[in-house]
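Quick notes on the structure that follows.
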Amino acid sequence: MSPSTQTITLSNGVEMPVVGLGTWQSSPEEVIAAVKAAVKSGYRLIDTASGYHNEEAIGTAIKQLIEEEVIKRDDLFITTKAWTNQIAPGKLESALKESLQKLQLEYVNLYLAHMPAATNDDMSQQIASPVEDIWRQFDAVYKAGLTKAVGVSNWNNEQIGRALALGLTPVHNSQVELHLYFSQHDHVDFCKSHSVSVTSYATLGSPGRVNFKLPNGAKLNWAPAPSELQDANVLSIAKKNNKTPAQVLLRYVVDRGIAIIPKSVNESRIKENFDIFDFSVSPEEIKKLEESKISQRLFAQDFMIGHPEDPFVNERQ
Ligand code: NAP
């Protein structure tokens, strides 16, 4: 099997590539070049979100790649996400249609609820819509054929369990913060036992998140975090395999049966992050890597504090 066809089978039979390109904080100009470089290097999955403000540029890149006969639409796997205002009651279908228009696509491959907590448009008000109501809207857009699969992001086990208990379309994928210093074994075990595939975000420890600015230009206050790219065990496994620390961090997650979507706008890193199929991290090495016992959530999503569906409420106590 060639690297570009390595997939995880979702519970509805859809094949999701194991490696995709992340695009949070990729500007429209950067993302056009990044998507083209990625697809030409073998990537088939592109991960975006309405909240990344780059769906239009990604649509342009995809259109050009198809016109240049580099790729066919059906060979791509496009994921996008509905932000907190778009999961509010009655909003989801038009939100997805807006994303499709920007992406110039008839369907996306995976549509995710970016958060379990709904808000109004400018996020000044929390909307106490239960996750069951959010999931009913995802069931409807799936059944309408606007997306090949549906899933959630930043939902906890209990919330996913409540969505599954509805007996509607199952949750096909859970995208969560997951990296060496936030290994999420409990969540992965829960998802596996319910046939929910898992995607890791911030697999490299999201070194660029500290540069994030809100639309009003304000910076968020990120808690300091140790660099996983400099972890002593990561460095030693990298040296042994003649790979880079980033490749070891990515492979650590892939070897746990989890999909990855590393973000880069740098062509050589885009290639590096895909060149991870000629080595593996053994179960013993996974144990060794996890010896540091560091557990640090990088994305606490403080704006959900006080929301009845705040997924991290138990961690905040
Ligand atoms: P990440 O993929 O862990 O790290 C990306 C950062 O690492 C960028 O600053 C990138 O810089 C740098 N980088 C990339 N490849 C590298 C390499 N080989 N060596 C050294 N540095 C490297 O973090 P992320 O972007 O936060 O997460 C990945 C994707 O997950 C996002 O882009 C987004 O699609 C998704 N995500 C989802 C959520 C959610 O709530 N669902 C939250 C966060 C992220 P350059 O671009 O300069 O190479």
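Could you say whether any residue in region 80-100 is β-branched (Val, Ile, Thr), at pLDDT 95 or above and within 26 Å of Phe274 (Cα to Cα)? The answer is yes; a qualifying residue exists.
Taking region 141-186 as the range and being part of a helix (DSSP H, G or I) and open to solvent by less than 10 Å² (accessible area, probe 1.4 Å) as the test, the residues that pass are Val141, Gln159, Ile160, Ala163.
Here is a yes/no grid of residues against (1) open to solvent by less than 40 Å² (accessible area, probe 1.4 Å); (2) in a loop (DSSP other than H, G, I, E, B):
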| residue | (1), (2) |
| --- | --- |
| Ser236 | no, no |
| Lys243 | yes, yes |
| Ala246 | yes, no |
| Arg251 | yes, no |
| Glu290 | no, no |
| Arg297 | no, yes |
| Asn314 | no, no |
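What number of residues within region 253-270 satisfy the criterion of being within 10 Å of the ligand (Cβ to nearest atom), part of a loop (DSSP other than H, G, I, E, B) and open to solvent by less than 50 Å² (accessible area, probe 1.4 Å)? Within region 253-270, residues that are within 10 Å of the ligand (Cβ to nearest atom), part of a loop (DSSP other than H, G, I, E, B) and open to solvent by less than 50 Å² (accessible area, probe 1.4 Å) number 3. Contact annotation: residue pairs with Cβ atoms under 7 Å, 6 or more positions apart or on different chains, pairing a residue in region 141-167 that is at positive phi with a partner that is of a type in the set (A, V, I, L, M, F, W, C), are Asn154/Met115; Asn154/Val176. For region 119-140: of the residues being of a type in the set (Val, Ile, Thr) and more than 12 Å from Gly90 (Cβ to Cβ), which is surrounded by the most Cβ atoms within 10 Å (Cβ to Cβ)? If we take residues in region 119-140 being of a type in the set (Val, Ile, Thr) and more than 12 Å from Gly90 (Cβ to Cβ), then Val131 is surrounded by the most Cβ atoms within 10 Å (Cβ to Cβ).
The values are calculated or read from the model by the stated rules, or taken from the named source; none is laboratory data. Fair warning: this is a prediction, and the values are worked out from it, not measured in the lab. All Cβ positions, even for glycine, are placed from backbone atoms using ideal geometry, and neighbour counts span all protein chains on display. Please note that ligands, DNA and RNA were not included when accessible areas were found on the heavy atoms of the full protein model with its side chains. Shrake-Rupley method; radii C 1.70, N 1.55, O 1.52, S 1.80 Å.
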